[in-house]
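The values are calculated or read from the model by the stated rules, or taken from the named source; none is laboratory data. It should be emphasised that the depicted structure is a prediction, and the values quoted were computed from it without experimental measurement. Heads up, the Cβs are rebuilt from the backbone with ideal geometry, glycines too, and the neighbour counts pull from every protein chain shown. We work out accessible area using only protein heavy atoms, side chains counted, and drop any ligands, DNA or RNA first. Shrake-Rupley method; radii C 1.70, N 1.55, O 1.52, S 1.80 Å.
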Amino acid sequence: MPSVLALARPALRPAGGRARRLAHGGRQLWDFLTPLHALTRALPELVPPAEFPDRMARIDESLTRIDNELYSDEALAGGWHNADMAQLASLQLLNPARVPFFHDALTRRAELPSDDSGRRYLEVGCGGGVLTEELAARGCTMHGIDMSEKAVEYARARAAHLSLPNATYEVGNAYDLSRFGDASFDGVVMADVLEHLHDLPRALGEVARVLKPGGVFAFDTINRTVLSYVLTIVLAQELLRVVPANTHDWRLYVRPEELSLLLQRLGFEVDTAHFVGMKPGIDLRRLPLGQFPLGAFSQAPNSLRVNYLGWARRRAAERRDAA
């Protein structure tokens, strides 16, 4: 399908003897349109690419256009909490919206024994601990895993610096949580992870296995809509470079309804009515610094069209047996 820009581009062909010369300098209309034509061709496509046939099935990783290794890049390794608005530091702006949502989901939505002493929570894909340390600061005992050794090293150093002994980290993979026993965590978190995974059934199956019956899986991700393509791919990734190139592949974004169905198949109770959107704020103080004025995110209960938060509860054993 041709893009909107392609449809808008004129057929720029010299008009031969019929070409009219402009009054100024004897230049032809062609001379003015050629640079415009080159500019429009250089802009990103405004129409999303064809989707994968089934996002909830395993997708051949070679078919995706996403760089999940970029978090090990030496140039980005120190940017997780960098106040000068380094590319990875923009993740901090999501915390005002998601930290209270996750804390509420983990501590109030679970149906676990009333004795909450010794409760343990796992964050899969923790990166540099941007979210993990915030939940630890609220009293949660957090254990984060990430495939990037550099990110884990950074997160460990941060935890030591902030004196957070209840925030621990190790290198690990979302597709293989075999180092953890069945029903070993009271809650599991995936923040900005689902849209990076090419095998959602396998990863979420592991989440269900390590989660105690009655425990909560909390997450945030990006919806697969035309609006999310324009905002997160065309603007944030390709034009403004708010995030590094190939951070996201729009085709891997996850619609709420398809995620809900997969979670139900894996033994979760889930209701998309509990999902909440997120919207960015504006911080004009960044303009004099030559930075894009992206501000802190807030919750947007009535819109799931781009970023959204959600939670699901693993069914208690007796309910699974009854089913």
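Accessible area ranking (1.4 Å probe, heavy atoms, ligands and nucleic acids excluded), largest first, for 315, 156: 156, 315. Scanning residues 5 or more positions from residue 184 or on other chains, those with amide H under 5 Å from its amide H are 211, 212, with H placed 1.01 Å from N in the peptide plane. The value of relative contact order for the stretch 140-265, using C-alpha pairs under 8 Å at least six residues apart, is 21 percent.
Of the peptides 121-132, 104-115, 268-279, the ranking by mean beta-carbon count within 10 Å, highest at the top, reads 121-132, 268-279, 104-115.
In order along the stretch 204-212, the Karplus-derived 3J(HN,Hα) couplings, from 6.51 cos²θ - 1.76 cosθ + 1.60 at θ = phi - 60°, round to 6, x, 5, 4, 4, 5, 7, 8, 5 Hz, and Gly and Pro are given as x.
Taking Cβ atoms as reference points and 15 Å as the exclusive limit, the residues near residue 134 contribute a net charge of -2, counting Lys and Arg as +1 and Asp and Glu as -1. Residues 232, 168, sorted by accessible area with the largest first, give 168, 232 [1.4 Å probe; ligands and nucleic acids excluded]. For the stretch 287-302, backbone phi angles converted through the Karplus equation (6.51, -1.76, 1.60; θ = phi - 60°) give residue-by-residue couplings of 4, x, 8, x, 10, 5, x, 6, x, 5, 7, 10, 6, 10, x, 9 Hz, Gly and Pro being listed as x.
Computed over the alpha carbons of the stretch 134-223, Rg followed by Dmax gives 13.3, 37 Å. In the context of the full protein assembly, residue 66 retains an accessible surface of approximately 40 Å², using a probe radius of 1.4 Å and ignoring ligands and nucleic acids.
Sorting 177-184, 148-155 by average packing, meaning the other beta carbons within 10 Å per residue, from highest down gives 148-155, 177-184.
Sorted largest first by accessible area at a 1.4 angstrom probe radius, with every protein chain in place, the residues 266, 135 fall in the order 266, 135. Diffusion coefficient of the stretch 216-323 by Stokes-Einstein, Kirkwood radius over Cα pairs, 37 °C, 0.692 mPa s: 210 µm²/s.
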